[in-house]
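We did not get these values from a lab; they are worked out from the coordinates using the rules stated. All values derive from a computational prediction rather than experimental measurement. Cβ: placed from backbone, ideal geometry, glycine included. Neighbour counts: every protein chain shown.
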């Protein structure tokens, strides 16, 4: 397994403490909002601005080390799971997000009825529903 320093260098990025800290937070898992990432980074570094976190996330995303997702009606979230063909399922109740592996397994996993001459390389799919906790709450409210 590569260290954060090795990953940054391998993707042509300078190694900085903020980049290492953000990468460490992302590799901890989840689909995190910028404010949560900044909060966790501040536990590792004495001082880092939210703008610096945005800048690092932009650099990591462009380099292919982070993925930005934007579920409708929700702020952007970031994750470290990149380079595969996975999708997301979002709870309409609480907003929790989970990864869903693509059933096809290759990119793009969907083809539009009309490609308009584009060379397609990805299809972004978001499934929506209620997570088990929100389903339980809904059942409890009807009882």
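Take the alpha carbon gyration tensor of the chain, find the square roots of its eigenvalues, order them as a ≥ b ≥ c, and report rounded if a/c is under 1.5; if not, report prolate when a/b exceeds b/c, else oblate. Here the chain falls in the oblate category.
Assuming a ≥ b ≥ c are the square roots of the Cα gyration tensor eigenvalues, decide whether the stretch 84-142 counts as rounded (a/c under 1.5), prolate (otherwise, with a/b larger than b/c) or oblate. Prolate shape, in that a/c is at least 1.5 and a/b is the bigger ratio. Take every Cα pair under 8 Å whose residues are at least 6 apart in sequence, average their separation, divide by the length of the stretch 69-143, and the relative contact order is 30 percent.
Residue order for 13, 32, fewest other beta carbons within 10 angstrom first, comes to 13, 32. Averaging the sequence gap over all C-alpha pairs within less than 8 Å and six or more residues apart, then dividing by the number of residues, gives the chain a relative contact order of 17 percent. In this simple spin-label model, placing a label point 7 Å from the Cα along the Cα-to-Cβ direction at both residue 124 and residue 9 gives a separation of 3.3 nm.
In plain terms, the residue of 92, 19, 39 with the fewest other Cβ atoms within 10 Å comes first and the most crowded comes last, giving 92, 39, 19.
Mean residue ellipticity at 222 nm, helices only, the chain: -11500 deg cm²/dmol; runs of at least 4 DSSP H residues each add -39,500 (n - 2.57), and the sum is divided by the number of residues. Highest mean first, the peptides 51-57, 22-28 sorted by other C-beta atoms within 10 Å per residue fall in the order 22-28, 51-57.
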